[in-house]
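Colleague: Below: one structure in structure tokens.
The values are calculated or read from the model by the stated rules, or taken from the named source; none is laboratory data. Predicted model, so just to flag it, every value in this text is computed and none were measured. Because the Cβ atoms are built from the backbone with ideal geometry, glycine has one as well, and the counts that use them run over all protein chains shown.
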Amino acid sequence: MISVIILGAGNVANHLFKAFKKSDQATVKQWYNRSLNTIKQFSNQTEITDNLAQIKDADLYILAVSDDAVKELSAKLPFANRLVVHTSGSVNIHDIDKKHRRGVLYPLQTFSKNSDMDFTNVPICIEAIESEDYHLLKKIAVSLGSPTKKVNSDQRQVLHLAAVFVNNFTNQLYRLGHEISESEAADFDLLKPLILETAKKIEHLSPYMAQTGPAKRNDKTTLKKHLKLLEDKPHHKTVYELLTKSIQLTHGGKKL
Ligand SMILES: NC(=O)c1ccc[n+]([C@@H]2O[C@H](COP(=O)([O-])OP(=O)(O)OC[C@H]3O[C@@H](n4cnc5c(N)ncnc54)[C@H](OP(=O)(O)O)[C@@H]3O)[C@@H](O)[C@H]2O)c1
């Protein structure tokens, strides 16, 4: 059994902990968080601590902490020459203190503590300096049920940037759509099949081929009507104009 210690107790750490519980290859030996209160409820399932000096010996240490904390926390760990990885899309592998064997387990998904996650839908991007560490990380990721991919720091950085476009920005557009529909008490739920179909379509069509709508068709009257409806919502209007321009640039239509 591979022994793992998780550091951090946010969205990713919680989902990793649950997923490790189902693994027959790896087990969480200890869970560290700087505030013990957050993980107290798990004290009957694994050993918990908020004291770095009490961290045990293990095969793998996963820093599932804020990006900005990786460097500092890895330097503070009171041991050396053990395998320490982070879970970030944008932090360089070399930001982990060089006294450790270093690696990355980047789960390319969106995690929220209170939303279930099936790890068969979580591709894990793996990076390691030493090839034996890479193989251990791959074994662990596979034991969680995840597909895996060897990805270097430059590739991971652009995947993370693309993920911000396809996930965070898309979700913000849902939010703006929600506000717009609410302004006339129209039912946002009616848009949910459209949201799901938009995502489903790119399983078999490229995003370029899947595009539809007034910006792509350059339906000027409809575009003008939409802008008029957004006159009292300057922020929504700015986003509408920006994305319309972007679609027209991609599809070679006339500019707004
Ligand atoms: N959420 C996602 O969808 C997602 C997806 C893929 C990768 N990631 C990556 O996974 C990592 C964790 O993300 P998350 O969403 O789980 O974050 P999160 O929910 O905000 O949790 C952050 C954790 O980091 C701890 N922390 C913050 N600063 C610290 C410090 N200076 N020293 C020690 N611990 C510190 C926090 O401790 P407290 O509990 O005490 O505040 C908390 O447990 C990040 O690198 C992120 O880029 C996130």
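Colleague: Taking segment 30-51 on its own, how many of its residues are among the acidic types (D, E) and surrounded by 21 or more Cβ atoms within 10 Å (Cβ to Cβ)?
Modeller: The number of residues fulfilling the criteria is 0.
Colleague: Condition test on T250, is it without any contact (Cβ under 8 Å) to a residue 60 or more places away in the chain and farther than 26 Å from S183 by Cα?
Modeller: yes
Colleague: Return yes or no: is I62 in a strand (DSSP E or B) and assigned by TED's automatic domain parsing to the domain that holds D118?
Modeller: Details: in a strand (DSSP E or B): yes; assigned by TED's automatic domain parsing to the domain that holds D118: yes.
Spelling it out, I62 is indeed in a strand (DSSP E or B) and assigned by TED's automatic domain parsing to the domain that holds D118.
Colleague: Give me the residue from segment 1-22 that is crowded, with 22+ Cβ neighbours inside 10 Å and part of a strand (DSSP E or B) and, out of that set, farthest from the ligand (Cβ to nearest atom).
Modeller: V4
Colleague: Another question, then. Tally the residues that are in a helix (DSSP H, G or I) and either over 30 Å from the mean Cα position of the chain (by Cα) or loosely packed, with under 14 Cβ neighbours inside 10 Å (or both), restricting the search to segment 217-242.
Modeller: The total comes to 15.
Colleague: Further, regarding this structure: Here is a list: A185, A163. Which entry is small (G, A, S) and either touching a strand residue (DSSP E or B) at 6+ places or on another chain (Cβ under 6 Å) or farther than 30 Å from I126 by Cβ (or both)?
Modeller: Values: A163 fails: either touching a strand residue (DSSP E or B) at 6+ places or on another chain (Cβ under 6 Å) or farther than 30 Å from I126 by Cβ (or both).
The conditions single out A185.
Colleague: Taking A80 and the conditions (1) under 15 Å from the mean Cα position of the chain (by Cα); (2) surrounded by fewer than 17 Cβ atoms within 10 Å (Cβ to Cβ); (3) in a loop (DSSP other than H, G, I, E, B), which numbered condition does it fall short on, given that it satisfies the others?
Modeller: Only one criterion is unmet by A80, namely (1).
Colleague: Name every residue in segment 23-58 that is over 16 Å from F111 (Cβ atoms) and assigned to a helix (DSSP H, G or I), in order of residue number.
Modeller: L36, N37, I39, K40, Q41, F42, L52, A53, Q54
Colleague: Same structure again: For D59, indicate whether it is at pLDDT 95 or above and not small (G, A, S).
Modeller: yes
Colleague: Sticking with this one: Can you report the number of residues in segment 46-68 which are touching a residue at least 24 places away in the same chain (Cβ under 8 Å) and either within 12 Å of the ligand (Cβ to nearest atom) or polar (S, T, N, Q) (or both)?
Modeller: 8
Colleague: Another question about this same structure. In segment 52-72, what residues are more than 16 Å from V28 (Cα to Cα) and either touching a Phe, Trp or Tyr at 6+ places or on another chain (Cβ under 6 Å) or buried (at least 22 other Cβ atoms within 10 Å of the Cβ) (or both)?
Modeller: V65, V70
Colleague: Just one of (1) touching a residue at least 40 places away in the same chain (Cβ under 8 Å); (2) surrounded by 14 or more Cβ atoms within 10 Å (Cβ to Cβ); (3) of a type in the set (F, W, Y) trips up Y208, so point out which.
Modeller: All conditions are met except number (2).
For (1) at pLDDT 95 or above; (2) under 24 Å from H86 (Cα atoms); (3) out of contact with any Lys or Arg (no Cβ under 6 Å at 6 or more places or on another chain), each residue gets a yes or a no:
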| site | (1), (2), (3) |
| --- | --- |
| I140 | yes, yes, yes |
| K150 | yes, yes, yes |
| H160 | yes, yes, yes |
| V164 | yes, yes, yes |
| T170 | yes, no, yes |
| H178 | yes, no, yes |
| A185 | no, no, yes |
